[in-house]
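Colleague: Dropping the structure in here first, questions after.
All of the numbers you see were taken from the coordinates with simple rules; none came from a lab. It should be emphasised that the depicted structure is a prediction, and the values quoted were computed from it without experimental measurement. Cβ placement follows ideal geometry from the backbone for every residue including glycine, while neighbour counts extend to all protein chains displayed.
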Amino acid sequence: MSFMQKYNFLIRKIHSLTGIIPIGVFLTEHLITNSFALGGAEYYNERVEAFQQLPFLVGIEIVFIAIPLAFHTLLGLYYVYLAKNNVLEYKYFRNYMFYLQRITAIITFVFVVYHSYTTRIGRAMAGIEISYEFMNNIVSQPVFFIIYLIGMLAAVFHFSNGIYTFAISWGIAIGPQVQRKFQTICTVLFIALTAIGTAGLIALAA
Ligand code: HEM
C-alpha cells in the first residue's frame, strides 16, 4: 500500500481543512483589506502600510499562506486529475457543484500564480512597495480588470462552495435539514464576498 493510500482519509481531511483555515480566512481578510480602497487612495495606502509593518510579516506569510496554499494546491491538482469527468451525465445540482469546484480550482490556481508573482514575489525582488497607485495602474486597464474579476469570482465560489463540502466531509452537516442550512450559509457568504470583492476592485480601478 502506498503512502497516499494508507493515509488517504487523513490527508483528505487535512486538505479540506486547509481550504478554510488558513486559506479561506486569508481570502476573506484579503478582500476586506482591498475594500478599504472605498475610503480613497490615502486611506488605502495607510492601511496597507500598517500591514506591511507587521513584525515577522514574511515568516507569517510563508507559514500561514504560502505553505498551506502550496499543499492545498498541489494535492488539489491531483484530486482534479483523479476526478471522473462523467459527472455532467447525471444532471443533479450537487454534480454541477462538484464540477464547478474543480473548474474554479484551476482558474484560481492560474490566477493566484499570476497575482502573487506580479504583486508580491516579483515586487519584493524589485523592492517596490504596494500602493493604491500600483494596483490602480493594473486594474484600471479593462483587460486586467476582467482578469481580476474572474480570478476573484473563481476563488470566492471555490471557497464558499468548499465550506459546504468541508461540512460534509468533516461530518458536520449530516442529514438533509442541516445540509440545507449549510447551503443557505454558503450562498449568503458567496454573495457577501462577491459584493465586497467587486466593490474593492471597482474602487482600486477608479
Ligand atoms: C483562494 C484559494 C483557495 C481556497 C480559499 C480554497 C478553499 C477550499 C475549500 C474550503 C475546499 C473544501 C474542502 C472539501 O471539499 O473538503 C476546497 C476543496 C478543494 N480545493 Fe481548494 N481552495 C483554494 C485554492 C485551490 C487551488 C488553487 C486548487 C487546485 C488547483 C484547489 C483544489 C481543490 C479541490 C480539488 C478541492 C476538492 C477536494 C475534494 O472534493 O475532496 N483549491 N478548497
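Colleague: Can you give me the P(r) profile for the chain? Cα pairs, bins 10 angstrom wide beginning at 0, each as a whole percent.
Modeller: Percent of Cα pairs in each bin: 8, 31, 35, 19, 7, 0.
Colleague: So how compact is segment 116-206: Cα radius of gyration and Dmax in angstrom?
Modeller: Rg, Dmax (Cα atoms, Å): 17.4, 53.
Colleague: Could you work out how far helix 142-169 tilts from the main Cα principal axis of the chain, as a 0 to 90 degree angle to the nearest 10?
Modeller: 40
Colleague: Further question: Can you show me the helix-derived [θ] at 222 nm for the chain, built from DSSP H runs with n ≥ 4 at -39,500 (n - 2.57) apiece and divided by the number of residues, rounded to the nearest 500.
Modeller: Helices in the chain give a 222 nm mean residue ellipticity of -24000 deg cm²/dmol.
Colleague: Going by how many other beta carbons lie within 10 Å of each one, how would you line up M4, M152, fewest first? Can you show the working numbers first?
Modeller: Details: M4 10, M152 24.
The order, fewest Cβ neighbours first, is M4, M152.
Colleague: Follow-up. Can you list residues from other chains, or at least 5 along the same chain, whose modelled amide H is less than 5 Å from the amide H of A173?
Modeller: I168
Colleague: Taking other Cβ within 10 Å of each residue's Cβ, how do H72, H30 sort, fewest first?
Modeller: Placing the least packed residue first, the sequence is H30, H72.
Colleague: Rounded to the nearest 20 Debye, what is the dipole magnitude of the chain about its Cα centre when Lys and Arg each give +1 and Asp and Glu each give -1 at the C-beta?
Modeller: In total the dipole reaches around 1080 debye.
Colleague: Between I32, I150, T18, whose Cα lies farthest towards the positive end of the dipole of the chain when Lys and Arg beta carbons carry +1 and Asp and Glu beta carbons carry -1, centred on the Cα centre?
Modeller: The residue sitting farthest along the positive end of the dipole is T18.
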